[in-house]
Amino acid sequence: MFDLPTSQALAALLLSLFGGLHCAGMCGGFIGALQMNRPRDVSAARLAVGYHAGRLTSYTLAGTLLGLIGGGLYAADVLPVQVVLLVVGSVMLLAIGATMFGQNRWLKRIEPIGLGIWRVVGPWARKVYPPRSASQSFVAGLAWGWIPCGMVYAALPLALVAGGPLQGAMVMLAFGVGTLPNLLVVDAVASRPALVGAQGGATGAGVLVQARTWLRPLAGATMIVFALSGLAHAARVAGADHPSIAALASICHTPR
């Protein structure tokens, strides 16, 4: 029904879309600081377009790099390596599915992974903070994409096993797109809080919260099915040929 890159990209999209509270909590202060310090001759929308475009560019570049690495390893046609890559991606899908049922403490625990990268990027980010133009906003967004974030690190293994650089880029771009609805709400509140309140922003937020109560478990169940399909495919690649394994694997993977 699905091919591997599509299922990985969909999982990354669902992770970021329904992990909105994590996004808003981590990045809300950052957005607020950028909007409150913007120059008068740069509109809030133009500033937001710049830093979100930069952020999604960084995610896509990271996905491209990991997709290139993972695709190269898989193309080497070393069976144990192929099986390990497939299992890693499937286990991460299981973990992401679990977050949709409230099991998300592990996201915080993996955030220190990227501290080394941020120590390199951080000083460059300070040179364009606060951004005084749309181009500086884009550069600030590029730096923002490398801030240590558990959700980003949960999505990156999906890019690693997506099949190649283009597929890895697609996975992380989907992840970035999924963050936009929640963060654009934060943008609106940060730039024009009085207008949002007058137009019933709280009511709209309430509708989103209510929808999320049943959509999150549905998304989680979908990702768990993808994960089980991935594990079945790993077993099939390793040599298992039971019909039930083949049927489960075929949900997201074409026969090898």
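Below is a table of values for the structure above.
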item: Selection within the stretch 111-128 - under 11 Å from Cys149 (Cβ atoms) and not in a helix (DSSP H, G or I); result: none
item: Condition met for Val225 (within 30 Å of Gly72 (Cα to Cα), at pLDDT 80 or above and open to solvent by 50 Å² or more (accessible area, probe 1.4 Å)); result: yes
item: Residues of the stretch 129-140 satisfying the condition of being over 15 Å from Cys27 (Cβ atoms) and part of a helix (DSSP H, G or I); result: Ala134, Ser135, Gln136, Phe138, Val139
item: Any hit, the stretch 107-123, residues being of a type in the set (Phe, Trp, Tyr) and either free of Cβ contacts under 8 Å to residues at least 24 places away in the same chain or touching an Asp or Glu at 6+ places or on another chain (Cβ under 8 Å) (or both); result: no
item: Complete set of residues in the stretch 91-109 that are open to solvent by 70 Å² or more (accessible area, probe 1.4 Å) and part of a helix (DSSP H, G or I); result: Val91, Arg105, Lys108, Arg109
item: Neighbours by Cβ (under 6 Å, 6+ apart or cross-chain): first from the stretch 220-233, over 10 Å from Leu248 (Cβ atoms); second among the β-branched types (Val, Ile, Thr); result: Met223/Ile96
item: Pairs, first over 16 Å from Ala9 (Cα atoms) in the stretch 57-83, second surrounded by 13 or more Cβ atoms within 10 Å (Cβ to Cβ) and among the hydroxyl-bearing types (Ser, Thr, Tyr), C-beta under 9 Å, six or more apart; result: Val81/Tyr74; Gln82/Tyr74
item: Met151, sole failed condition from (1) more than 14 Å from the chain's Cα centre (by Cα); (2) surrounded by 22 or more Cβ atoms within 10 Å (Cβ to Cβ); (3) of a type outside the set (Lys, Arg); result: (1)
item: Matching residues, the stretch 178-203, being open to solvent by less than 70 Å² (accessible area, probe 1.4 Å) and modelled with pLDDT of 85 or more; result: Gly178, Thr179, Leu180, Pro181, Leu183
item: Where Val88 falls short, out of the listed (1) open to solvent by 20 Å² or more (accessible area, probe 1.4 Å); (2) in contact with a Phe, Trp or Tyr (Cβ under 8 Å, 6 or more places away or on another chain); result: (2)
item: Test result for Val49, surrounded by 15 or more Cβ atoms within 10 Å (Cβ to Cβ), under 22 Å from Pro131 (Cα atoms) and β-branched (Val, Ile, Thr); result: yes
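The values are calculated or read from the model by the stated rules, or taken from the named source; none is laboratory data. Just so we're clear, the structure is a prediction, and the values are computed from it rather than from any experiment. Reconstructed Cβ throughout: ideal geometry from the backbone, glycine too, with neighbour counts over all protein chains shown. Side chains are part of the model used for accessible areas, which takes the heavy atoms of the whole protein and leaves out ligands, DNA and RNA. Shrake-Rupley method; radii C 1.70, N 1.55, O 1.52, S 1.80 Å.
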